[in-house]
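The values are calculated or read from the model by the stated rules, or taken from the named source; none is laboratory data. All values reported here derive from a predicted model rather than from experimental measurement. When we count neighbours, we look across all protein chains shown, and the Cβ atoms used for this are built from the backbone with ideal geometry, even at glycine. Quick note on the areas: whole protein, heavy atoms, side chains included, nothing else; ligands and nucleic acids left out. Shrake-Rupley method; radii C 1.70, N 1.55, O 1.52, S 1.80 Å.
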Amino acid sequence: MIAVDGPAGAGKSTVARKLAACLSFLYLDTGAMYRAFALKALREGVDLRDEQALAELLADTKIELYPMASKGLVQVILDGNDVTALLRTPQVNATVAQVAGFASVRSDMVTRQREMARLGGVVMDGRDIGTFVLPHAEIKFFLTASLDARAHRRYHELQQLGFDVSIDRIREEIAHRDMLDSSRPYAPLLQARDAILVDTTDMEVEEVVAHMLAICRHRLD
Ligand code: DC
């Protein structure tokens, strides 16, 4: 099991997916699970401050992840419907950290994530994987990058998806989400003591993957 944590835009999903492909491991994107649930909560009009209502909604929610080689993403099926293309909208971006902040939402998600990783052979990315979800993962990485670099990456990602967004707005949104993710009392974004720190600010994706892969091959041998 390999855990990849870090703040928004550090490149986790891209490198975790590539790393998984190189190792023939399964890639599990836990952020996509929180995003799918935020989407459902928005659609159902649930009060996003009501933890009990959110916990009940999640108990009645099915989230499936499937590898999607062609687009390099994880396909997300929410209650039987493909919502992959709907998970990175500004509305979901703006609400997901709030929904993910509740202990009862997180404990349900963590149970699901541990179950998915039960058989091993997975690269799981998120915020609390090395510290909480898979504390016994063989290898843990913590990816960071400067706020500016992360904002630029998200900007290009959103532009490619056809969203007309401003870089300043994205920078603010990421900083706000960092603050919410890092300051929540329950399983905050934190580097595990035994995680390897990788600062990707000045690194190309392929460089990051090669660096992580070398560490994995060395450790898993
Ligand atoms: O990695 P991402 O940007 O897709 O994550 C979306 C949100 O979900 C982010 O605000 C933090 C939250 N999240 C979390 O709290 N715990 C995880 N394991 C993964 C994501």
(message) When a/c reaches 1.5 or more, the comparison of a/b and b/c decides; with that in mind, is the stretch 95-221 rounded, prolate or oblate per its Cα gyration tensor?
(response) oblate
(request) Go ahead and estimate [θ] at 222 nm for the chain from helices alone: -39,500 (n - 2.57) per DSSP H run with n ≥ 4, summed, over the residue count, rounded to 500. (result) -15500 deg cm²/dmol
(request) Please sort by residue number the GluC sites (Glu not before Pro) in the stretch 129-221 whose DSSP state is loop and whose Cβ has at most 10 other Cβ atoms within 10 Å. (result) Glu204
(request) Rank these residues by their accessible area, most exposed first, probe 1.4 Å: Tyr27, Tyr155. (result) Tyr155, Tyr27
(request) For the chain, report the convex hull volume of the alpha-carbon atoms normalised per residue, in Å³, without decimals. (result) 117
(request) State the number of lysine pairs found in the chain whose Cα atoms come within less than 19 Å, restricting to pairs 8 or more positions apart or on distinct chains. (result) 5
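Working with all protein chains in place, sort Asp128, Asp108, Asp60, Asp164 by solvent-accessible area computed with a 1.4 Å probe, largest first.
Correct descending sequence by accessible area is Asp164, Asp60, Asp108, Asp128.
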(request) Step through the residues of the stretch 77-89 one at a time and calculate ³J(HN,Hα) from phi using the Karplus curve (6.51 cos²θ - 1.76 cosθ + 1.60, θ = phi - 60°), rounding each to whole Hz and writing x for Gly and Pro. (result) 10, 9, 6, x, 10, 6, 10, 3, 6, 9, 8, 10, 6
(request) Tally up the carbon and sulfur contribution to the accessible surface of the chain as a whole percent, 1.4 Å probe, everything protein left in place. (result) 53
(request) Using a 1.4 Å probe and ignoring any ligands, DNA or RNA, find the accessible area of Ser182 and quote it in Å² to the nearest 10. (result) 60
(request) Over the chain, give the accessible area per residue in Å² for a 1.4 Å probe, as an integer. (result) 49
(request) Could you tell me which of rounded, prolate or oblate describes the stretch 123-195, using a ≥ b ≥ c as the square roots of the eigenvalues of the alpha-carbon gyration tensor, with rounded for a/c under 1.5 and, failing that, prolate when a/b is larger than b/c and oblate otherwise? (result) prolate
(request) For Asp199, enumerate residues with amide H under 5 Å from its amide H, sequence gap 5+ or separate chain, H modeled in the peptide plane. (result) Thr144
(message) For a quick check of understanding: with a 1.4 angstrom probe and all protein chains in place, what accessible area in square angstrom does Lys40 have, to the nearest ten?
(response) 20
(request) Would you tally the net charge around Leu158, using a Cβ to Cβ cut-off of less than 9 Å, leaving Leu158 out, and scoring K and R as +1, D and E as -1? (result) 0
